Amino acid sequence: MNQDLYEAARQGLSEHVNELVRQGANVNWGMYGAAECGHKEFVEFFFKQGATDWNWGMRGAAKGGHKELVNLFVKKGANNWNDGMLGAAQGGHKELVDLFVKNGANDWNYGFFWSKTTSLKIFFIDQGANNINEFPLFYKDICVKFHLPNGVLINKLLRRYIARFKGNKLRNEKVIINGIYESTLDQVFISPPGTIVKFRNETHVIKGHIFYLLKSRNPQFK
């Protein structure tokens, strides 16, 4: 029922919203949906119906990129800046991310996790995101997991990742690909399975997961 109210509020369906509220649906969910889609009149309707989870509402407004509603919830008492930042990251709204960071948001790992754009992911890595459990270690899954359209964007993200956690010197270290092409270590991240890499006088065969080359010098990618 709460999910139904959320969807009805997002779509601005007055009659459906009223019926679900009468049935006892949680009005905070309706407020979140209304805030996400910028329906200020519905947001105020849910205020009157008893919605009081200002942080939840602020996150919805941030996800939708509605700064005016974000400010409204702040005036009401919302102060969970990390929650707001996560919503803004989820919606891809860098201006609002910056606003929440300015107010004290600092949960970089979850900001990174919820971000849907390469530029925001790079931003959170630069800020200090370092939980490798939130970072894809299988390059073949990166496009799907992070909604990245092509290998160029993958490379931008991974270059930054290597530079931050392993250092620019290692990132730029020379390798020989398939015994013919000279490249740099970061390029290995977007090489297809079966690629033969000579690195520091060791030969490695890419099998998909390549983090172990950087981490443990394992002679076989696993």
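Remarks
- Coupling constants for region 45-52 follow from the phi torsions by the Karplus curve (6.51 cos²θ - 1.76 cosθ + 1.60, θ = phi - 60°), and in residue order they are 4, 5, 4, 5, 7, x, 5, 9 Hz; glycine and proline get x.
- Region 1-80, relative contact order [Cα under 8 Å, separation at least 6], %: 27 percent
- Long-range HN-HN contacts of Val175 with modeled amide H, under 5 Å: Ser183, Thr184, Leu185
- Relative to the current alpha-carbon distance between Asn80 and Asn103, full extension at 0.36 nm per residue lengthens the span by 7.3 nm.
- Per-residue 3J(HN,Hα) values for region 32-42, derived from phi via the Karplus relation 6.51 cos²θ - 1.76 cosθ + 1.60 with θ = phi - 60°, read 4, x, 5, 5, 4, 9, x, 8, 4, 5, 6 Hz in sequence order (x marks Gly and Pro).
- Here is the tail figure for region 1-139: Cα pairs spaced more than 24 Å apart come to 34 percent of all pairs.
- Neighbour cut-off at most 10 other Cβ (10 Å), DSSP loop, GluC sites (Glu not before Pro), region 1-75: none
Where a number appears in this text, it was derived from the coordinates with a stated rule and is not lab data. The structure displayed is predicted, hence computed values, not measured ones. In this analysis, Cβ positions are derived from the backbone assuming ideal geometry, glycine residues included, and neighbour counts consider all displayed protein chains.
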